[in-house]
Amino acid sequence: GFINDVGKQKVECVNPDCRQLMCFHCKKPWEAQHEGLTCDGFARWKISNDPELQAQGLAAYLNEEGIECPKCNFKYALAKGGCLHFKCTWCPSEFCSGCNGFFKKDCTKYESCRKKGLHAHHPRDCLFYLRDEDVDVLQKLLIDNNIPFDVEPPEGQVQAEAKKGIQALEQVVKDDEDLAPPPMAVPVAAAPVLKCRVMSWSGSFDEPRVDEECGDYVESGHAGLCQRHYKVYLVFKINQNRIDPLPILEVNQLKAILRRDEIKIPDRLNGEDYKRRLQEKVVQDLPLKDRKVTKF
């Protein structure tokens, strides 16, 4: 646990072997620059003044947005993605990091719940469902709602990887005299190969958690992220702007939403726009609820 002086932001772990300092409000490791700044102000300062964060680009934002326990509000500097079944090390509550919905292992809402899996009652805009959509489909949903999104990697990330490439090439030349360049020649590195720098939880739910950089290759047009974490970013933008994903869902997906809550699926009528009718049924019977989403 942590001890806190009343009215103070800075708290200290009571474990004598730890003594970690952190902010009582945003749960981030304490830094001197946080003194006198709000948590939002400190986050902006970090991004503006930390070259490492600037090089990480969106990866830094995803890490900063992190995973927050919906019960105790402890925040982990890890991006969503991979296994969404998260167990808080402080409570410990079990929840979906895609929508912060609690897992109910023995749900009794319906008799059929035992066969539906842990995500049965999570909303249709949960990352668990939307990450199966193609990148261009998620982008179109944002475009149709006039929400901007990034596609290019940050300049700092490109420069950092290019510098590594040149240094590696210079080391090869230095180690092998046969490859030594003639006088005045300058080693030329190939275009930098970018790797995703998002901090991720490695391993399954039952294994010890290992926090490490993703390391997957970055695809063109994915803003310096791998495809998996770029989808996390796009879904984050969708959730942040409270966009209902109904327009991108097909008839079979709309039926599945209704079945999960044992809502009778209307019969198809001759000549009707059946997809629109299912959309109206979903909105009427299963409206999306507001939930806390960190601002980008």
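The values are calculated or read from the model by the stated rules, or taken from the named source; none is laboratory data. Quick caveat: nothing in here was measured; it's all calculated off a predicted structure. Ligands, DNA and RNA are stripped out before the accessible areas are found, and what is left, the full protein with its side chains, is counted by its heavy atoms. Shrake-Rupley method; radii C 1.70, N 1.55, O 1.52, S 1.80 Å.
Some observations on this one:
- By accessible area with a 1.4 Å probe, ligands and nucleic acids excluded, highest first: order of Met199, Met22: Met199, Met22
- Shape of segment 86-137, Cα gyration tensor, a/c cut at 1.5: oblate
- Pairs of Lys in segment 219-296 closer than 18 Å at Cα, counting only those 8 or more apart or on different chains: 10
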